[in-house]
Amino acid sequence: MLTEVEKSSLCLLKEYKYNWHPIEKGYNNRTLYINVGTGKIAEKPVSQEMKDKFIGGKGFGLRLLWDGTRPDTRWDDDDNEIVIAGGPVCGITQYSGTGKSLLVTISPQTDSVMDSNVGGFFGPFSKFAGFDAIELQGKAEKDIIIYIDGRNHVIQIFEDPGFEADSHILAEQLTEVFAENEKDAKNIGIVSTGAAAERSLLGMLNFTFYDIKRKKIRLKQAGRGGLGTVFRNKKIKAIVAHVSGVSGNLNNVHDLKPIMERGNRYQQEIRELDDHQCQMRKKGTANIVNVMNDYDLLPTHNFKYGSHMDAINIHSDLLREKYFTLGIPDGCWIGCAMSCSKGVDDFELQTGPYKGQKVIVDGPEYETAAGLGSNLGIFDYPAIIEANFYCDTYGICTITWGTTLAFIMECYENGILNKEITGGLELNFGNKEAALELLHQLARGEGFGKIAGLGVHRMKKLFVEQYGADADFLNDIGMEAKGLEYSQYVSKESLAQQGGYGMTNKGPQHDEAWLIFMDMVNNQLPTFKDKAEALHYFPMFRTWFGLQGFCKLPWNDVVPKDNKQTAEPHKVPEHVDNYITVYNAVTGKNIDIPEMIRQSERVYNFQRVFNIRRGYGLRKNDAQPYRAAGPVTKEEYLSRQERYDKQLIDNQGLNPETMTLDEKMAATRKYREQQYEKLLDAVYTRRGWNLNGVPTIAHLKDLGMDLPELLEVVTPLQ
């Protein structure tokens, strides 16, 4: 292990000095371009048109990625980019959840445009250092460290002297090298990944934040689509942003007073209501584990089932009572009252290269508890927490890994895989020892771990070609769409959520639309028109968070007392008004809700056309695996037979008593697949797309997005 490195002893490969100027109403009005292959470092101006049409965050990332790549750029080509961008609101400290940044790249998993949001300090710090986005391109010859020094206004690229690979150690080493003293550690934000990212397609990126109370460096994850794999393919070991400190108004907002007023109001809500609603300050996002189980929505055994009798063993109360350290402000950005970034302190590892060491583990979040827990048939928090830690430090997305391993386990239990193929690992559901060993193999690049690191999409093809598996069965149970693994909700009984997964631009991730309760539990979306309206509004509304630098959790995880009395409680109108007020106060603009949605529509449609330019983004690409819609196997049907039989009567007028099980399953499948196709028609029409999923020229013109480069792509498909 590298024990001591002085900054002065690092081998400097490139240096670029820049003139710093204060942020103006949320914008630096420039971005930073670094080609790690050629060594070119440059500033790019941000035009008013770019701010008007692309806003910031994901919008800036997509615009830069489009301009920097070709239609046939592959994920591992030199010209692929990783772009990191916060929005105009990113970095303010007077309203909760304003530390988010967005990343985009061409994904090694999907070959299309991937975006992922993340907390931590790097996004705000890179903005305070002087840049609205960091654009990374090229491939270095050797591993490098990029240092963005916002104090002395210089960009430096160093050769990696031999820092450790895994994030929890690497972040500590880099902080020791670049921080002037312990007090200065809070002024450093780091982007890194781990050993598994360079040995798989599933790599994610960690963004650090310094926990002042614990005096420890912690990690937040940009998890989806292989961002960490691209990062390591470019030979980037880490990026470090260093600022002088955080003061009250570094964004130089237009009007600070309304931001403070809304921020104080929200903090009061959290203090008064959180304990009675979601208990985010005590359980984090994992508060819903037991709720999902109660409503048959908790993924179990590769999404076969939505609940399990052993789920009591991963009830969220256990995290609060036995594992999470409470009474500490666990915000991943300064000023967030929600404090949902829970942590398990002094967790002693039982396996792997750090066995016997005591570490801090960030989370588990809900997605991790479900993905590494119930979906694998593992109802044991110590095993989940250990896997959580290793996924983080190895640089692997817990959502992706959970769904990937669940697929492997079902294949093992169906005889498609065996001990000879897996190198002796008995990968049955519930085998926590084998699950952890496979994760360690993945990080070492050994054994069956190398195959697991391909992800579900590629494993399906490999299992058919090499092991004689039934392709139709694998396509039914392989919970991926567009090449991306599903996040951890069972969507079988919510057609709207099936659309919320299947129609996403990047693949099935819940951050665009989470409509299960509106659709399935509360029956608020009875018609296709209702579902289409929800699948227009909510993806556009949620996209807006990623343009600005907002976290979505403060929107609806705690709601005002009188929210139920509002006309549209599912939209949490008071909080929507907060967001518009904050945005206007930062930028000096005067938008309303319709313009909020139109801001998102411009970027959302741009991303759709971007995918079309790459050969995706059409109706065929919005297909879903059948397990997302209904029961694939007989045991699935029989586990909910009363429900499914009743639906045959109510929805199709059939008599299940006169039908065989195979006939009932076939009729159920035909109906559900037809419903999904009808949903596609309704949503495409509402979104201003043709029935092949292509934005119409008229719609692009209406949005002011009839850019020549977009029209060139969509015109032949009208």
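Coordinate-derived values only; no laboratory data. Note that the structure is a prediction, hence the values are computed from the model and not measured. Here the Cβ is made from the backbone with ideal geometry for all residues, glycine too, and neighbour counts use every protein chain on show.
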Alpha carbon convex hull of segment 7-242, volume per residue in cubic angstrom: 116 Å³
Ellipsoid semi-axes in whole angstrom, largest first, where each is sqrt(5λ) of the Cα gyration tensor of segment 208-351: 31, 25, 17
Simple label model, 7 Å out from Cα along Cβ direction - Glu321 to Cys11, nm: 5.6 nm
Kirkwood-based shape ratio for segment 256-485, expressed as Rg/Rh from alpha carbons: 1.03
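Just subtract the alpha-carbon distance of Asp78 and Thr527 from 0.36 nm times their residue separation and send over the number in nm, one decimal.
156.9 nm
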Long-range tail of P(r) for segment 552-623 (Cα pairs > 20 Å, %): 51 percent
Rg [Å, one decimal], Dmax [Å, integer] - segment 522-577, C-alpha atoms: 12.3, 34
All Cα pairs of segment 577-718, percent lying beyond 20 Å: 62 percent
Full-extension gain in nm, Asn414 to Asn19, via 0.36 nm per residue minus C-alpha separation: 136.0 nm
Amide N proximity, segment 51-94 versus Leu256 label position 7 Å along Cα-to-Cβ, cut-off under 11 Å: 93-94
Packing-based order for 188-201, 136-149, using average beta carbon neighbours within 10 Å, highest first: 188-201, 136-149
Lysines with Cα under 21 Å of Lys664, excluding same-chain neighbours fewer than 8 positions away: Lys304, Lys492, Lys634, Lys646
Matching label, percent of Cα pairs over 38 Å apart computed from the structure shown, candidates [x] 52; [y] 43; [z] 32: [z]
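Under unit Cβ charges (Lys, Arg +1; Asp, Glu -1), what dipole magnitude, rounded to 20 debye, does the chain have relative to its Cα centre? Mind showing how you got there, number by number?
On the way: 83 positive and 96 negative charges, 263 e Å.
Value, rounded to 20: 1260 debye.
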19 Å Cα-Cα reach of Lys235 towards lysines, excluding residues that sit fewer than 8 places from it in its own chain: Lys14, Lys40, Lys139, Lys142
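Seen from all sides and averaged, what is the projected area of the convex hull of the Cα atoms in segment 12-135, in nm²?
Reported value for the Cα convex hull: 8.4 nm².
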Radius of gyration and Dmax over the Cα atoms of segment 87-132, both given in Å: 12.5, 39
15 Å reach of a label modelled at Ile212, 7 Å along Cα-to-Cβ, counting backbone N of segment 241-261: 244-249
Alpha-carbon radius of gyration plus Dmax, which is the widest Cα pair, for segment 634-718 in Å: 20.4, 59
Rg/Rh ratio calculated on Cα atoms of segment 398-475 (Kirkwood radius): 0.92
Cα-Cα over 28 Å, subset of Lys482/Lys531; Lys100/Lys234; Lys213/Lys589; Lys183/Lys257; Lys100/Lys183: Lys213/Lys589; Lys183/Lys257
Other-chain or far-sequence residues with amide H under 5 Å of Ala133's (modelled H): Leu32
Computed label-point distance, nm, for sites Ala623 and Asn428 using a 7 Å Cα→Cβ extension: 3.4 nm
Estimated FRET transfer efficiency (Asp52, Thr715; beta-carbon r; R0 22 Å; 0.05): 0.40
